[in-house]
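Here is the structure we will look at, set down as structure tokens.
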Amino acid sequence: MEAFDILLQSTFWVAAIRIASPLIFATMGELICERAGVLNLGIEGIMVAGAFSGWFTVYSGGDLWTGVLVAALTGAAFGLLHSTLTVPLGLSQHVVGIGVTLLATSLTYFTYRLALPEVTSPPKIEPFQPLPIRFLSDIPIIGPALFAQTPLTYLAYFTVAIVGWALYRTPLGLAVRAAGENPSAVEAQGISVAAIRMGAVMVGSALMAVGGAFLTMSAFNSFFFEMVNGRGWICIALVVFGSWRPGKALLGAILFAAFDAYQIRLQQISGGIVPYQVFLMLPYILSILALILVARRATYPKSLMIPYQKGER
Amino acid sequence: MRLEPKPAPSLTATLAYPVGALVVTFFIASLLVLAAGANPLSVFGLVLKGAAGSQFALVETLTRATPLIFTGLAVAVAFRARLWNIGAEAQLYAGAVMTVVLGTGALPLPAPILLPLIAISAALAGALMLLGPAILKTRFGVDEVVTTLLLNFVMILFVSMLLEGVLKDPMGLGWPKSQSLIAEARLPRIIGNRRLHYGFVLAIACAVAVWIIMKKTALGYEMRAVGHNAEAARFAGMKVNTILIKTALLSGGLAALAGFSEVAGLKGNLTLDLSPGFGYTGIVVAMLAMLNPLGVVIAAIFVAGIFVGADAMSRSAGVPSYIANVMVATALLTMVTAIMLTRFRVRWR
Amino acid sequence: MVEVTPPDPLRGSPSPQGGGSALAPTVLRLTSITKRFGPLVANDAISLDLAQGEVVALLGENGAGKTTLMNILFGHYVADEGTVEAFGKPLTPGDPRAALNAGVGMVHQHFTLADNMTVLENIALGTEPLFAPRFRAGSARDKITRLSGSFGLEVDPDRLVANLTVGERQRVEILKALYRDARILILDEPTAVLTPIETDALFATLRELVADGLSIIFISHKLHEVMAISDRVIVLRGGKVAGERQTSETDRRELAALMVGQELVPPPVTPAVRGRLLMSLKGVSTDGGRNPLRGVDLELFGGEITGIAGVSGNGQAALAGLLSGTTGASAGMFEIAGSSATNWSPSAALARGVGRVPEDRHAVGAIADMSVLENVISEQYRSPRFSRRGFLDWAAARAFAEQVIRDYDVKCPGPDARIRLLSGGNMQKLILGRALDSEPAIILANQPTRGLDVGAIAYVHGRLLEARARGAAILLISEDLDEILTLSDNIAVMSAGKLSSVSKRGQRSIAQLGELMAGHGEAAHAA
């Protein structure tokens, strides 16, 4: 059966992991923000800004890793803006998040038009090349998928490991988790809740931007408008789906990406009977279904979205 | 740092801070203009001229403001009840699709009957669009932010599918568009040869209606109570879920009327680029208006002016027209900060 | 403050072992602390000393400024004027970390614990360098076990705080301070949430700590406890020090007078006149929530106050929810005014004549950002008096608001003022007015005087007694045993979701009630 054969092709799994990589970065980023108690709806815009700034750095002559660094710093800058408004000033996290998305996206488009005013087709750069790991990449079916990816994908796995370790095994992670559960507890132990939350949002936003940069520097090789296309919002669903745990969120991202890769191939073999738009809709609908599935049992951080005012009793 | 509530915001504060927000917005925009190698004063002059410098410009601004009034009202109504409707874009398209389905000849009725019928059907379509996420919220506890956002993408794809399929204009060349509306389904122009149409009048009427609902009716009171503190509202005997559903129906309906208005009043048919983000801009309009329905009209005209003016300016000064989007986003963030500062004093100790 | 003074073997004699002698060094010195919040002066030039090994009680009614003062000491607030010295060195203001490093520990009135984390995580939070690569759980666990054992604060480090009882959570709060080598311990109203038996255990722990060399500040508004545990009492009133006494040289009457500044006559309690049966519960259980009801029997008669004693977390919230309409009965018979409570909801409860004063006036009783006017009509806005065909009659609403403000002595700038600006006492009076205005047949008063100053407490009690006199049935749920004993004609004790049998006024002693609250006695054997 053709539909099932897709799953046996190693190219399918390679594509799945490749599609998952930006999602992994961005989901980890959002997870860190939300664990500290801040919903960051700027994710979509920050991914756009990261995609552009990383790509543009390389287009302007920098090397790829410098591009990644610039993307991360861009993300952190927007994270600083978001957290300044939502943490010490306690403004609505929903409104500020949408505002940051709008601002980041519009600044990106403005800068793109300014820097490249007369392009008809998006200029290309030389992206990250796949870096196969000897022996491991020869394992049938999943070998190439896991071990013949670009360095940025390997960084994505590594990020999950670091985030998991940091969150559960370090004093800093403990403070971040406590800030999301009961900020009074953090303050009473002599740690500044504002510093923890702002730091978490900045680091999370940096990761989101790197996720965006993956699109222009690893998956594809140019920047075009509507590139991120809702992936940021999907990552918010993935954080819920993963119960705010890095390991589960990683699984969710891979499952989702596999589904996405699958529907692309399914489209190719279905021969046009079903309109292609239906296939493209499926990832978004799947995300909504995933949210419904876990909604009742969601054990979210208790102080998520609740601003903390020092000394308020 | 501490925030202390002010007992009664002074009049000067209520005016000074929002004005300050706009000053900051213009300042940041000036930086961008300088980066583009142009002179801020002349650029803003061009923007102003493009927005209101002639009868033509003014009429364009009001035309552009019409859908923003609808989506601004939709967001203001929803946000008052703390229902985070970020899906006005999808609801707008739902209204537009319904308008095309009913208005391209399927119903051979005279205009005085056909137009209201289409408007109401469009509103219903938008209401249903938001009903789904609202029920998911009240029944299953699913956060409506993500569901409404994701539905925006689903809807655009759905419209694309319809335009290449069932609604396709058989005589169209090139890009996908729907059949054109019959004459009876078109909203008439207000001024003979200008683009301003009666959708604008409908928008104002809706703003007044929403104002009456919020200020004078029990439903408006309930929406505000639920938005401030749903638990206390429930304790007092209010049926919170029912109120949220009613809010969703009203909000979705208003956003859909934006789609109806654009198709029946301005374009005459449906294409994929019907809305350059009116749903999202509606959020900015609503916040600038501090969720006040009458303020939405003023904020919508202001924001429309920026876009129309920037378009005109961009053609002559070479500064990318996206500066309008930057200004609008900056205005949102600065305004939200300014509103907070009118109500709270910042104490450093 | 209303006093109850039967002689009681559970209350030990005053003056524990420990310091307080003139030769003990001063470990803490607050000098002329002043703190303002807008127009309100919460602390007015307060000075106090603490000697090593001393237990000093900071006494005062709600709103006197005790918690603010301690928050300044601990660094949650910064004083506008004045200094703090701990162990001879000045303490950096506004920095809890500095206070902790100087050896000051605080057991907050509202516990600062993260429910979804373990005891170990809560205690160790912030105790290691923030950027250390590893969190040393092993050594933390050892230290906690050691401290638990030394001071009799038994608790399992790996349990989730959410699963602990209130008494156990307080132990964790104390361990948090001891873990950080606190030598000065501040306890803010620690017994408000404890049964009499747990209170005695706490006092025993405090005596051990003092024997170990700690110095203690004990904040309370309960005179008998202050007399039982402290060496010295400092009385605060209206933000100022009203007086300072050695505990052995003073008595409750003098302290009460210092606390309140005037002779407060408690409202007279006339004998009850039992009316009709207005509400009955037979074998009622509730579903869901952390502490459900398990087969509860209760009857409420007109003209009587029935008091439910017990500490929070034993099912009071479910019982209150039942009467308020926010919870339904999953088993058993629940009847109000003679007929079954079907299709139960808050609006149904209101329609059946239940007036409700909820436990949490800020989160549930009032909508903080709406005006006094908008709050006062929140239960009745659908009645023909205030709305016609969906439109609200704001003029009628305003008249009603003004009437309630007048009749219930609510001090506020006016009906349009945002309710968040009212003091706790005035907010509660408004909520009381809203609940009582329609002269309901049944009244639920859930912790009605929590956090209120003495004047407001007396007012609330007076209005409840008035309602009782006109024939209403009142269910009073309170953690304050004194309040229960003063007001109730019938008393039952809530423990682990079950209700004890009902006793009449004066029938049971405090000791007997304490036993029931702790879960011993008949309540534990109820079917």
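Each reported figure results from applying straightforward, stated rules to the coordinates on display, with no laboratory input. Keep in mind that this is a model prediction, so the values were computed, not measured. Ideal geometry is used to build each Cβ from the backbone, glycine not excepted, and the neighbour counts take in all protein chains shown.
Give me a single rounded figure for A:92-101: the average over its residues of other chain Cβ atoms within 10 Å of their Cβ.
On the way: counts 6, 1, 7, 10, 4, 3, 12, 12, 3, 4.
So the per-residue partner count for this stretch is 6.
Values of log10 I(q)/I(0) for the protein assembly as shown across q = 0.08 Å⁻¹ run -0.99, by the Debye formula with one identical scatterer at each alpha carbon and no solvent. Compared with the dominant principal axis of the Cα atoms in chain A, helix A:171-181 is inclined by about 80°.
Summed over qualifying helices (DSSP H, 4 residues or more, each -39500 (n - 2.57)) and divided by its residue number, chain C shows a 222 nm mean residue ellipticity of -9000 deg cm²/dmol.
Put a dot 7 Å past the Cα of A:LEU266, heading toward its Cβ, do the same for C:GLU85, and the two dots end up 7.7 nm apart.
For Cα pairs less than 8 Å apart in space and 6+ apart in sequence, what is the mean separation divided by the residue count of chain A, i.e. the relative contact order in percent? It rounds to 36 percent for chain A.
For a straight C-alpha distance cut-off of 17 angstrom, the lysines reachable from C:LYS176 (same-chain residues fewer than eight places away being disregarded) are C:LYS143. Taking every alpha-carbon pair under 8 Å whose residues sit at least 6 apart, chain C reaches a relative contact order of 16 percent. Each of C:THR68, A:THR150, C:THR145, A:THR216 has some number of other Cβ atoms within 10 Å of its Cβ, and from fewest to most they run C:THR145, A:THR150, C:THR68, A:THR216. Ordering B:222-231, C:57-66 by mean Cβ neighbour count within 10 Å, with the highest value first, yields C:57-66, B:222-231.
Based on the Kirkwood radius over alpha-carbon pairs, what is the Stokes-Einstein translational diffusion coefficient of the range A:1-108 at 20 °C with 1.002 mPa s viscosity, in µm²/s? Please list the in-between numbers first.
Working: Rh = 15.5 Å.
Rounded to a whole number, D works out at 139 µm²/s.
Pairs of Lys residues in chain B, spaced 8 or more positions apart or belonging to different chains, with C-alpha separations under 30 angstrom: 14 in total.
Here is the tail figure for chain B: Cα pairs spaced more than 40 Å apart come to 15 percent of all pairs.
Give me the percent relative contact order of the range C:176-239, please, defined on Cα pairs under 8 angstrom at least 6 residues apart. The partial results should precede the final answer.
Details: 36 pairs, mean separation 26.9, N = 64.
Computed value for the range C:176-239: 42 percent relative contact order.
When the Cα convex hull of the range A:236-313 is projected onto planes of every orientation, the mean area is 7.0 nm².
For the pair the range B:1-67 and the range A:156-233, the centres of their Cα atoms are 34 angstrom apart.
Add +1 for every Lys or Arg and -1 for every Asp or Glu among the other residues with Cβ under 15 Å from the Cβ of A:GLY45, and state the total. Walk me through the numbers on the way to the answer.
Numbers: positive: A:ARG231; negative: A:GLU30, A:GLU44, A:GLU226.
Charge balance near A:GLY45 sits at -2.
Neighbouring Cβ atoms from other chains, within 10 Å of the Cβ of residues in B:225-233, number 5 on average.
Could you order the peptides B:304-312, A:153-161 from most to least packed, using the average number of other C-beta atoms within 10 Å per residue? Mind dumping the intermediate values first?
Working: B:304-312: 23.0, A:153-161: 18.3.
Going by the mean number of other Cβ atoms within 10 Å, highest first, we get B:304-312, A:153-161.
Neighbouring Cβ atoms within 10 Å as the yardstick, rank A:CYS235, A:CYS33, B:CYS206 fewest first.
Working: A:CYS235 30, A:CYS33 34, B:CYS206 22.
Going from sparsest to densest Cβ surroundings: B:CYS206, A:CYS235, A:CYS33.
Inter-chain Cβ neighbour count for B:325-338, averaged per residue, equals 5 (cutoff 10 Å, partner chain atoms only).
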